[in-house]
2 protein chains.
Amino acid sequence: MFSKACEYGIRATIHVAVQSLEGNKVSLKAIATEIDSPVAFTAKILQQLVKHHIMHSVMGPAGGFQIEKKKISEIRLSQIVNAIDGDAIYKSCGLGLKECNATKPCPVHDKFAKIRDDLKEMLEHTSVAELTVGLETGLTFLKR
Amino acid sequence: MFSKACEYGIRATIHVAVQSLEGNKVSLKAIATEIDSPVAFTAKILQQLVKHHIMHSVMGPAGGFQIEKKKISEIRLSQIVNAIDGDAIYKSCGLGLKECNATKPCPVHDKFAKIRDDLKEMLEHTSVAELTVGLETGLTFLKR
DNA sequence: TACAACTAAGATAAAAAGGTCTTATTATCT
DNA sequence: AGATAATAAGACCTTTTTATCTTAGTTGTA
């Protein structure tokens with residue numbers, strides 16, 4: 001569904017959010033350990049997220065990644081996906097046609113449009129904040 | 001959503017179905033032209049579809065690919081997707097976790113499960129036959 | 001039976017995605 | 001100020017996906 005980069009990006013953001021709620025910054029290494037991702041690759045993805053203002057980073061010792069508490073309930077999954085994978089997921093045709101739209105649709109256009117719209121809706125309505133809840137209570141997990 | 005191979009596979013199957021309904025076989029070359037796909041790559045995909053009994057091929061002059069009329073209304077999109085991409089789409093975790101299930105879910109497990117189930121449902125209920133209808137009447141397209 | 005028109009299959013190549021490594025830069029603590 | 005611990009950035013490598021090429025095999029028809 002998403003690229004690997006995007007999957008890591010979402011997981012990383014959720015983890016940073018959890019820690020930020022407790023007032024902590026998180027180092028690159030800690031994030032990679034916690035979400036079980038390759039360190040160097042994760043670094044790149046985090047840079048993208050910083051560039052897109054989803055989180056910010058502090059350099060130097062005792063530095064790390066953090067999200068403003070206020071922002072945690074504002075950030076939507078859709079923003080993360082957009083930052084990393086772009087908007088192809090919403091726009092692209094299910095059968096790979098370049099020009100596929102309501103006036104010149106592929107045979108599955110309508111059926112796919114519904115699924116995609118549901119997905120979009122879900123991503124736009126899901127905040128990072130609500131995803132942190134289960135983690136704090138040990139009901140959900142970010143690795144294995 | 002699907003691999004390129006799978007997209008070509010679906011398009012090819014629909015085109016072969018349309019022709020089969022009119023009693024024609026379709027050559028590899030004709031299929032590739034009609035769905036605007038690379039010939040050699042399409043050949044491989046068609047071989048997979050034949051192997052999975054979604055269509056059959058006849059060698060020699062005046063040969064080509066064909067689907068039994070009876071079968072056209074029986075084949076579901078899900079069978080084509082399964083033949084080429086396997087069942088990863090239904091099973092895999094939205095965040096890429098290897099073990100992600102109801103008892104040990106990732107934070108977005110439930111939300112993704114719903115989307116995936118809808119997709120699965122749609123694929124399993126959509127027959128190739130119904131996708132041929134729009135093509136015959138010029139309402140839908142397989143290229144551009 | 002030989003030729004033409006086609007598919008079958010596997011080796012190879014190119015492109016994209018995934019992942020690593022190195023060097024530079026920044027900030028803090030001593 | 002200097003050592004250190006962190007991020008930033010981009011070059012580089014690896015794997016997977018996508019696509020091509022080549023050779024072999026099949027079959028209907030003249």
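Nothing in this text is a laboratory measurement; each read-out follows from the coordinates by a stated rule. What you see is a predicted model, and the numbers here were worked out from it, not measured in a lab. All Cβ positions, even for glycine, are placed from backbone atoms using ideal geometry, and neighbour counts span all protein chains on display.
Partner shielding of B:95-102 amounts to 5, given as the average count of beta-carbon atoms from other chains within 10 Å of each residue beta-carbon. For the stretch A:7-81, what does the alpha-carbon gyration tensor say about shape, rounded, prolate or oblate, given a ≥ b ≥ c as the root eigenvalues, a/c under 1.5 as rounded, and a/b over b/c as prolate? In terms of gyration-tensor shape, rounded. Loop-located GluC sites (Glu not before Pro) in the stretch A:66-144 (DSSP state other than H, G, I, E, B) with a sparse environment of at most 15 neighbouring Cβ atoms within 10 Å: A:Glu68, A:Glu74, A:Glu99.
Against chain A, whose longest principal axis is taken from its Cα atoms, helix A:39-51 shows a tilt of about 70°.
Would you please name the trypsin sites (Lys or Arg not before Pro) within the stretch B:83-134 that are DSSP coil residues with at most 16 other C-beta atoms within 10 Å of their C-beta? Sites meeting the loop and neighbour criteria: B:Lys98. Among the listed pairs B:Lys51/B:Lys114; A:Lys120/B:Lys4; A:Lys71/B:Lys104; A:Lys29/B:Lys111; A:Lys91/B:Lys71; B:Lys4/B:Lys111, those whose Cα-Cα separation exceeds 24 Å are B:Lys51/B:Lys114; A:Lys71/B:Lys104; A:Lys29/B:Lys111; A:Lys91/B:Lys71; B:Lys4/B:Lys111.
In plain terms, the chain from A:Phe41 to A:Ser92 could stretch by 15.7 nm, reckoned as 0.36 nm per residue minus the Cα-Cα distance.
With 0.36 nm allotted per residue and the present C-alpha distance subtracted, the A:Asp117-A:Glu130 stretch has 2.6 nm of extension available. Each of B:Leu139 and B:Lys70 was given a label point 7 Å from its Cα along the Cα-to-Cβ line. The distance between the two points is 2.9 nm. Peptide B:115-128 has a mean of 3 when you count, residue by residue, the C-beta atoms of other protein chains within 10 Å of its C-beta.
Within 10 Å of the Cβ of each residue in A:12-18, the mean number of Cβ atoms contributed by other protein chains is 1.
Rounded if a/c is under 1.5, else prolate if a/b beats b/c, else oblate: with a ≥ b ≥ c from the C-alpha gyration tensor eigenvalues square-rooted, which is chain B? Prolate, because a/c is 1.5 or more and a/b exceeds b/c.
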